[in-house]
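Participant: What follows is a structure written as structure tokens; I'll ask about it next.
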Amino acid sequence: MMAAILLICGFVTVSCSASHQKRVILGDEQFDVYMPLLEGQRVAIFSNQTGLVGNTQTHILDTLIAKGVNVSAIFSPEHGFRDLADDGSHVADGVEPLTGVPILSLYGGAGGNHPTEEAMGMFDVLIVDIQDVGLRFYTYYITMCHLMGACAEHGKKMILLDRPNPNGMYVDGPILDMSLKSGVGHLPIPTVHGLTLGELAKMAQGEKWLKAGNDCDLTVVPCKNYTHQTLYELPVRPSPNLPNMQSIYLYPSLCGFEGTVVSLGRGTDKPFQQYGHPAMNVKYSYTFTPQSVKGSSNPPLLGQECYGVDLSHMDQKTIREKGLDLTYVIDAYTILKEQGMEQGFFRRFFDLLMGQRYIREMIEEGASADEIKACWKEDVEAFKQQRKPYLLYAE
């Protein structure tokens, strides 16, 4: 079956100044557009705690059931459906306690990261309503791609209710070397791709990146009153360790620490807003101590006093303007190297997160952040041209 990509309910271009900007209307609010497509169908949803309809506190699951839709299954991503499990921890299949709808985990359930044959037989139409943050290593889009492939293989329709990308105002970072494809990198896109899930799904199909998923019968319901320069604040945390917009804006620059010996604040009240290590006391006096907390039960450097840098009060406009900033990783590496602790600083996971090996190699050779960033500049410009046919919103 050839791909049928239907774009419905267009978008409105508005000024990005807060004083003139209209409220963004999410895809899931536009019932008149997608509800007729659900009549007489068994419906599955791919969502989590972020699937709140518009500015309400009503979840898409509860909303659809209240409207008489036959919701027959729930697919859940990393961290689970309504609860927030630790990053990377496997989440078992289960039953949604408030509605009795089966929950099929795509992060440790019966089929691992892919839906089972049995699961694909439980529905006719799949609704996707989940908040992404626009980074190549954020796993929700990878799960979406797996579902696209399964829907294509089994002749199921997918309706994607689009949401804004909080990091959608810029594109930055290296394009994934596909020899490093992994659970934190699935498509040949930059670290910060600047696309909504709807745009990314379109591009993945249009560029023939998904094999079977290229033939997915996909309908995207775009947001209204949104452009890529719209500053959209998330009403609920998208995952346990992204508690606020500060962490979401710093995420592109600090996530690299996940592949090092340095803590980025997991197990504290400022995850992805600080970084440190016990041996960085030679330069810094600011401290934090990771503890076992909900959403991060065994954080790196658990119980150890870490010395480092607090970025929780950094100006958010400055963070966005800097984009993917490697100065923090370089700073920590330089301090530990001066103490003879550079061996083991980087783990293999660092290359997987960065999507290229040359970044680690250049840091080890003493290159500056600007010198490294210059290496991916042309790739970013080429990608911005490549993605243009798939944009749903003004840049």
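Participant: Would you mind ranking Arg23, Arg136 so that the residue whose beta carbon has the fewest other beta carbons within 10 Å leads the list?
Facilitator: Arg23, Arg136
Participant: Quick one: Kirkwood hydrodynamic radius for segment 245-361, alpha-carbon pairs, angstrom, one decimal?
Facilitator: Every distinct Cα pair counted, the radius reaches 14.3 Å.
Participant: When a footprinting reagent is the concern and you count Cβ atoms within 10 Å, what order do Lys317, Lys202, Lys337 take, fewest first?
Facilitator: The most exposed by this proxy come first: Lys317, Lys337, Lys202.
Participant: So what's the net charge close to Leu392: Lys and Arg +1, Asp and Glu -1, counting the other residues with Cβ under 9 Å from its Cβ?
Facilitator: Neighbourhood net charge equals -1.
Participant: Calculate I(q)/I(0) for the chain by the Debye formula, one identical point scatterer on each C-alpha and no solvent, and give its log10 at q = 0.12, 0.14 Å⁻¹ to two decimals.
Facilitator: -0.94, -1.26
Participant: Helix-derived [θ] at 222 nm for the chain: sum -39500 (n - 2.57) over DSSP H runs of at least 4, divide by residue count, nearest 500?
Facilitator: -7500 deg cm²/dmol
Participant: Which whole-number percent gives the relative contact order of the chain, counting Cα pairs below 8 Å spaced six or more residues apart?
Facilitator: After rounding, I find 18 percent.
Participant: At a threshold of 8 angstrom on Cα-Cα distance, excluding pairs fewer than six apart, so keeping six or more, what relative contact order does segment 114-251 reach in percent?
Facilitator: That works out to 30 percent.
Participant: Measuring from centroid to centroid over Cα atoms, what is the spacing of segment 340-376 and segment 252-301 in Å?
Facilitator: 19 Å
Participant: Along the Cα→Cβ direction, 7 angstrom out, place labels at Ala66 and Asp124. What is the inter-label distance in nm?
Facilitator: Those two pseudo-labels are separated by 2.5 nm.
Participant: In 10 Å bins starting at 0, how do the alpha-carbon pair distances of segment 9-236 split up by percent?
Facilitator: 8, 34, 39, 17, 2, 0
Participant: Let me ask something else about it. Charges only on Cβ, +1 for Lys and Arg, -1 for Asp and Glu: so what's the dipole of segment 197-279 about the Cα centre, in debye to the nearest 20?
Facilitator: 80 debye
Participant: List, in the order given, every pair from Lys67/Lys317; Lys211/Lys317; Lys22/Lys388 whose Cα-Cα distance in the structure shown is over 31 Å.
Facilitator: Details: Lys67/Lys317 41 Å; Lys211/Lys317 39 Å; Lys22/Lys388 24 Å.
Check vs 31 Å cut-off fails for Lys67/Lys317; Lys211/Lys317.
Participant: Here's something else I'd like to know. With +1 assigned to the C-beta of every Lys and Arg and -1 to the C-beta of every Asp and Glu, and no other charges, what is the dipole magnitude of segment 245-361 about the Cα centre in debye, to the nearest 20?
Facilitator: About 240 debye.
Participant: Shifting gears a bit: Evaluate the Debye formula for segment 137-240 with equal point scatterers sitting on the alpha carbons, no solvent, and hand back log10 of I(q)/I(0) at q = 0.13 Å⁻¹, in q order, two decimals.
Facilitator: Debye output, listed in q order: -0.49.
Participant: Next question, about the same structure. In debye to the nearest 20, how big a dipole does the chain give about its Cα centre with +1 on each Lys and Arg Cβ and -1 on each Asp and Glu Cβ? Present the calculation step by step, with values, prior to reporting the outcome.
Facilitator: Working: 32 positive and 45 negative charges, 82 e Å.
For this selection, approximately 400 debye.
Participant: Counting only residues 5 or more places away or on other chains, whose amide H sits under 5 Å from the amide H of Asp217 once H atoms are built in the peptide plane?
Facilitator: Residues meeting the amide H criterion: Ala4, Met158.
Participant: Starting at the first residue of segment 156-164, write each ³J(HN,Hα) from the Karplus equation 6.51 cos²θ - 1.76 cosθ + 1.60 with θ = phi - 60°, in whole Hz, x for Gly and Pro.
Facilitator: 9, 8, 10, 10, 9, 8, 6, 9, x
Participant: If neighbour count is taken as other Cβ atoms inside 10 Å, put Glu258, Glu118 in order from fewest to most. Before the final figure, lay out each step's value.
Facilitator: Values: Glu258 21, Glu118 11.
By the 10 Å Cβ count, ascending: Glu118, Glu258.
Participant: Please name which of Thr191, Thr50, Tyr232 has its Cα lying farthest along the dipole of segment 9-236 towards the positive end, using unit charges on Cβ (Lys, Arg +1; Asp, Glu -1) and the Cα centre as origin.
Facilitator: Farthest towards the positive pole: Tyr232.
FYI, it's all coordinate maths here, none of it is from the lab. Note that this is a predicted model, so its numbers are computed, not measured. Don't worry about glycine lacking a Cβ; one is built from the backbone with ideal geometry, like all the others, and counts go over all protein chains shown.
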